[in-house]
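Notes for the one structure printed next.
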Amino acid sequence: MSDFEFDTLAVRAGQVRSQFGEHGEAMYLTSSFVFENAAQAAARFSGEVPGMVYARFTNPTVNMLQERLAALEGGQRCVATASGMSAILATVMALLQAGDHIVSSRSIFGATQQLFANIIGKFAVTTTLVEATNLDAYRAALTPRTRLIFIETPSNPLTEIVDIAGLAQIAREAGVLLVVDNCFCTPALQKPFELGADIVIHSATKYLDGQGRVLGGAVIGSNETMEEVFKYLRTAGPTLSPFNAWVILKGLETLRIRMEAQSAATLELARWLEAQPQVSRVFYPGLESHPQHALAMRQQRLGGAIVSFEVCGGREAAWRVVDGTRVISITANLGDTKSTITHPATTTHGRITPEARAASGITEGLLRVAVGLESIEDIKADLARGLAR
Ligand SMILES: *Cc1c(COP(=O)(O)O)cnc(C)c1O
């Protein structure tokens, strides 16, 4: 299917029909599969003959999702997992061993930092965190035991942009893998493989489902590296349920349309926020005022659906904006058709020290809005209420 356009792949890639010829993708809720005879069972178990065995590592609905996501990202193979965090865990457990080293952007999802420091850290895998936008810092942090470089772009919540192509060159020269968590852009807006990345990771919980229904994750890469991730999944079992796979499959069908509509609405909201006197700063890659606007527009099709902004008056003023909302949900989640608002300093980044928070630019007046599909006029009115008070 790979010679088809993105929109066709999003709707049709990976679909397999059963003997009944169902039009939509079928949901296979079965834990195991039966064999015609002993020889077939043996051949399936050994992997000599492809086919379904047991739902910890083979399921037709999950396979359809894996094929579709691999096609959309332009990677060779996808391994789906139970959540975004288990996708990251599966990647590092499959590819690293004690003594190995990770160079990671400092501006990554909080749980990913915890995973590197406290979970795989217990198994003598070390991590060096560097400033997201400074390519020299990644190069300087490399050691002979570095196996992978890990990034997210744009970062959350400050929308810093990592130069994927530039970093891919550094990774290639050093012989290490570049891993991109493509959660915020999705393949509808950004194709890390085309820029030289080796592995793409997703929290499918966010935009891939896009409607806040299920958890899921995915790792995409070459056949060779994904075989290792698959072996980890087969043995350790952080498996995506077929039900969740089916929901995410249907989510992918509208991915581009949602990402474009939500990005357009976010750009409009970002411009409006820039014009509000109570707002001192707006962080959005689609704005000309973003320090890396040119880079962002080279590697992303659009700015994405997350905007952060600083209100004058610190925490008190920021909380007034949060509490003034009637439409926007007060929650740390994102990637939903329902818009959400978060005060990072007291929620997602509340557990780090005030000094570390200040160093990473998370001020008391900072708010993050993940824009959904409601009318943008209602979203503006929602924020205006708290800003005016
Ligand atoms: C949410 C998120 C994750 C973790 O995904 P889960 O599905 O919640 O486990 C990882 N990376 C990023 C960028 C995220 O936003």
In units of 2.2 N^0.38 Å, the Cα radius of gyration of the stretch 256-388 is 1.00
Quick calc: nm separation of the 7 Å Cα→Cβ label points for residue 173 and residue 135 -> 0.9
Amide H neighbours of residue 127 at under 5 Å, excluding residues fewer than 5 places away on the same chain, with H built from the backbone geometry, are 102
Square roots of five times the C-alpha gyration tensor eigenvalues of the stretch 118-158, ordered largest first and given in whole Å, equal 20, 15, 7
Of 268, 288, 36, ordered by accessible area with the largest first and a 1.4 Å probe, the sequence is 36, 288, 268
In terms of the charge dipole of the chain, which places +1 on Lys and Arg and -1 on Asp and Glu at the beta carbon, the residue among 45, 329, 200 farthest towards the positive end is 329
By the Cα gyration tensor axes a ≥ b ≥ c (a/c under 1.5 gives rounded; else a/b larger than b/c gives prolate, otherwise oblate), the shape of the stretch 1-107 is oblate
Working note, the stretch 80-221: Cα radius of gyration (Å, one decimal) and Dmax (Å, whole number) are 14.0, 43
Here the FRET efficiency for residue 45 versus residue 117, based on Cβ atoms and R0 = 41 Å and rounded to 0.05, is 0.60
The size of the Cβ-based charge dipole (Lys, Arg +1; Asp, Glu -1) of the stretch 214-305 about the Cα centre, to the nearest 20 debye, is 100
Dividing the mean separation of Cα pairs under 8 Å (6+ apart) by the residue count of the chain yields a relative contact order in percent of 16
Checked against the positive end of the charge dipole of the chain (+1 on Cβ of Lys and Arg, -1 on Cβ of Asp and Glu, about the Cα centre), the farthest of 129, 344, 247 is 344
In this structure, the FRET efficiency calculated for residue 145 and residue 20 from their beta-carbon separation, with R0 = 35 Å, to the nearest 0.05, is 0.10
If R0 = 45 Å, then residue 7 and residue 124, at their Cβ-Cβ distance, give a FRET efficiency to the nearest 0.05 of 0.45
Carbon plus sulfur, as percent of the 1.4 Å-probe accessible area of the stretch 1-133, comes to 55
Expressed per residue, the solvent accessible area of the stretch 256-388 in Å² (1.4 Å probe) is about 44
Probe 1.4 Å, heavy atoms of protein chains only: per residue, the accessible area of the stretch 8-78 in Å² is 55
Sparse-neighbourhood loop hits (trypsin sites (Lys or Arg not before Pro), the stretch 1-62; DSSP loop; Cβ within 10 Å at most 16 others) -> 17, 56
In the stretch 133-276, taking the dipole from +1 charges on Lys and Arg beta carbons and -1 charges on Asp and Glu beta carbons about the Cα centre, the listed residue (216, 148, 167) farthest towards the positive end is 216
For residue 76 and residue 378, extending 7 Å from Cα along the Cα-Cβ vector and measuring point to point gives, in nm, a value of 4.7
For the stretch 45-106, listing GluC sites (Glu not before Pro) in a DSSP loop whose Cβ sees at most 13 other Cβ atoms within 10 Å gives 48
Short to long, in 20 Å steps from zero, the percent of alpha-carbon pairs of the chain per bin is 28, 56, 15, 1
To the nearest 20 debye, the chain has a Cα-centred charge dipole, built from +1 on Lys and Arg Cβ and -1 on Asp and Glu Cβ, of 700
For the stretch 256-388, the accessible surface attributable to carbon and sulfur atoms (probe 1.4 angstrom, ligands and nucleic acids excluded) amounts in percent to 55
About its Cα centre, the stretch 138-228 carries a charge dipole, from +1 on Lys and Arg Cβ atoms and -1 on Asp and Glu Cβ atoms, whose size in debye to the nearest 20 is 140
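The values are calculated or read from the model by the stated rules, or taken from the named source; none is laboratory data. None of the values given here were measured: they were computed from a predicted structure. Virtual Cβ from ideal backbone geometry, glycine too; neighbours counted across all protein chains shown. These accessible areas exclude ligands, DNA and RNA; they are computed on the full protein's heavy atoms, side chains included. Shrake-Rupley method; radii C 1.70, N 1.55, O 1.52, S 1.80 Å.
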